[in-house]
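Below is one structure, written out as C-alpha cells; the observations come after it.
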Amino acid sequence: TDGSDVIMQLLERALASSNVTATLKAPTSARKLLWGDRASFDGIGTCDVVLGADVVCWPRLVEPLLQTVRALLRGSDDGVFYCGFVSRSQLTERLFFEKSERFGFVIREHTLESFLPDPVPEAC
C-alpha cells in the first residue's frame, strides 16, 4: 500500500474474509510497501504476482513504484504486475506507460468490458 494504516487494516480484513488463498492454491499476503524504499520490501522475496489498484496518482511516484515492482518480481520466471487505475492526469498516465516500457515491462491494456460481466451488476 501507500503506507496508510487505515488502508492496511481494510486490506488485511478483506484478504482474511476472502477465499483467494484457497482459490489460487498459493500463499497470499498484503504488505505495506513504501515505493522506492528498499527497507520496506527487503526480505519479502520474489513475488509471482504484484497487484496494484489506483496506485498511479502522482508523477513523482511513478518511478519509485516501478522500481519497487521490478524488485519484487526479480527472480520470478513469469512474474506479472496487474495495475488498475483511473486516469486523473494524461501527463501522469503517459509518464507511467513510458517509464514502464523503459523498465522492461510489457504493457497490455484491457477495457472494463474485457473482464466485467455483461451486463454489469448494479452493485458495481
(message) Consider the stretch 16-54. How many of its residues are part of a loop (DSSP other than H, G, I, E, B) and touching a helix residue (DSSP H, G or I) at 6+ places or on another chain (Cβ under 6 Å)?
(response) 8
(message) I'd like to verify a number: residues in the stretch 11-22 that are open to solvent by 90 Å² or more (accessible area, probe 1.4 Å) and not acidic (Asp, Glu), how many?
(response) 3
(message) Restricting to the stretch 95-114, and then to whatever is open to solvent by 50 Å² or more (accessible area, probe 1.4 Å) and in a helix (DSSP H, G or I), can you tell me which residue is farthest from Phe81 (Cα to Cα)?
(response) Glu113
(request) Only residues that are basic (Lys, Arg) and closer than 21 Å to Ala16 by Cβ: list them for the stretch 31-55, please. (result) Arg31, Lys32
(request) Considering only the stretch 84-101, state which residues are at pLDDT below 90 and hydrophobic (A, V, I, L, M, F, W, C). (result) Phe85, Val86
(message) Given (1) open to solvent by 40 Å² or more (accessible area, probe 1.4 Å); (2) over 13 Å from the mean Cα position of the chain (by Cα), identify the lone condition not met by Arg70.
(response) (2)
(request) Output the number of the condition that Asp78 fails; it satisfies all remaining conditions of (1) of a type in the set (D, E, K, R); (2) over 23 Å from Asp42 (Cα atoms); (3) touching a residue at least 24 places away in the same chain (Cβ under 8 Å). (result) (2)
(request) Could you list all residues from the stretch 33-53 that are open to solvent by 70 Å² or more (accessible area, probe 1.4 Å) and within 18 Å of Leu73 (Cβ to Cβ)? (result) Leu34, Arg38, Asp42, Gly43, Thr46, Asp48, Val49, Leu51, Ala53
(request) Please tell me if Gly104 is in contact with a strand residue (DSSP E or B) (Cβ under 9 Å, 6 or more places away or on another chain), at pLDDT 85 or above and not hydrophobic (A, V, I, L, M, F, W, C). (result) no
(message) So, in the stretch 55-79, exactly how many residues are assigned to a helix (DSSP H, G or I) and more than 17 Å from Phe97 (Cβ to Cβ)?
(response) 4
(request) Would you be able to say whether some residue in the stretch 87-104 is of a type in the set (A, V, I, L, M) and touching a Ser or Thr at 6+ places or on another chain (Cβ under 7 Å)? (result) no
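The values are calculated or read from the model by the stated rules, or taken from the named source; none is laboratory data. The structure displayed is predicted, hence computed values, not measured ones. Cβ: placed from backbone, ideal geometry, glycine included. Neighbour counts: every protein chain shown. Heavy atoms of the whole protein, side chains included, go into the accessibility calculation; ligands, DNA and RNA do not. Shrake-Rupley method; radii C 1.70, N 1.55, O 1.52, S 1.80 Å.
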